[in-house]
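Structure first, commentary second.
The values are calculated or read from the model by the stated rules, or taken from the named source; none is laboratory data. Please read these numbers as outputs of a predicted model, since none were measured by experiment. Don't worry about glycine lacking a Cβ; one is built from the backbone with ideal geometry, like all the others, and counts go over all protein chains shown. Just the protein is used for accessible areas: all its heavy atoms, side chains included, with ligands, DNA and RNA removed. Shrake-Rupley method; radii C 1.70, N 1.55, O 1.52, S 1.80 Å.
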Amino acid sequence: MPAVSISLRVLAGAIISVLAVSGCQALDDAGRVIGRADLVNDLAARLDRSTELTYSADYQLTGGRSASISQSQDPLRAAYTYPGGKLTVTTDATTACDTSTKKPTCTLTAPPPANAKPSITIFTDMNKRGLVTPPVVIGLLTAAALDPDATIRQYDTTVAGRHATCVEVGQLSDAPATGFDACITDEGALGSFTGTVDDTDVEVALSRYREAVESSAFDLPAGAGVVDRRPEAGQSPT
């Protein structure tokens, strides 16, 4: 998904530049002093790196529900499947599907500009339905790094058999979450996330990671009705 990849690189660079000046520090679980800039730089870089990979990640959510993130580089596209919905982003369109009803409905809008940051609002529905995405996590990490009152503890763990670096954040203000716990795998995938985002309790845990994607991951839900709202197409329900 080119637009998301570009935006994360720009955002990560901005975080690093600001934090290099601030020089804020925190303590990890072993009592070592770590720079906020180093911490956010590493995690943001890992998440950014994942946007340049082809992979599929399955997640377990609260209540036994499931979700997935799939990404392909050739062609460039990404798909997010979550309870009650699905979002696909390609160079042709951004497609948001509501699968909570008997007949799914999908709305096509213009794709994110190739050189512009995608609107974080396209991921809002996922937050409310239990799936937090890498762009949202990077936004929260940014807020934590820039908040002098936020507490940050770093630790390591294993998620779905993969090593991950984690941060436990608390006392966060002016952000969609006042505190959260996030783990990023060495590959750059979101390993886990726990927190309350936009007043919704979210708990996400990686259950399976594959360095391949099935083409069907980007298909629209079977039998879905489609409304094309891209500027060149106008509305054309099918």
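Using 0.36 nm per residue and subtracting the Cα-Cα separation, the extra length available between residue 109 and residue 196 on full extension is 28.4 nm. Per residue, the accessible area of the range 94-238 comes to 49 Å² when a 1.4 Å probe rolls over the protein heavy atoms. For residue 207 and residue 42, the FRET efficiency from 1/(1 + (r/R0)^6), where r spans their Cβ atoms and R0 equals 22 Å, is about 0.35. The listed peptides 59-69, 154-164, ordered by packing as a protection proxy, come out as 59-69, 154-164 (highest mean of other Cβ atoms within 10 Å first).
Computed from backbone phi with θ = phi - 60° and the Karplus coefficients 6.51, -1.76 and 1.60, the 3J(HN,Hα) list for the range 64-79 is x, 7, 9, 8, 8, 10, 10, 9, 10, 9, 9, x, 6, 6, 9, 9 Hz; x is used for glycine and proline. Remark: the range 157-174, residue by residue, has Karplus-estimated 3J(HN,Hα) of 7, 10, 10, 6, x, 10, 5, 9, 9, 10, 9, 10, 10, x, 6, 8, 10, 6 Hz, where x stands for each Gly or Pro and the curve is 6.51 cos²θ - 1.76 cosθ + 1.60 at θ = phi - 60°. Taken along the Cα-to-beta-carbon direction at a fixed 7 Å, the label points for residue 74 and residue 125 span 3.2 nm. Taken one residue at a time, the phi angles of the range 221-230 give Karplus couplings (6.51, -1.76, 1.60, θ = phi - 60°) of x, 4, x, 6, x, 10, 10, 9, 10, 5 Hz. Gly and Pro are set to x.
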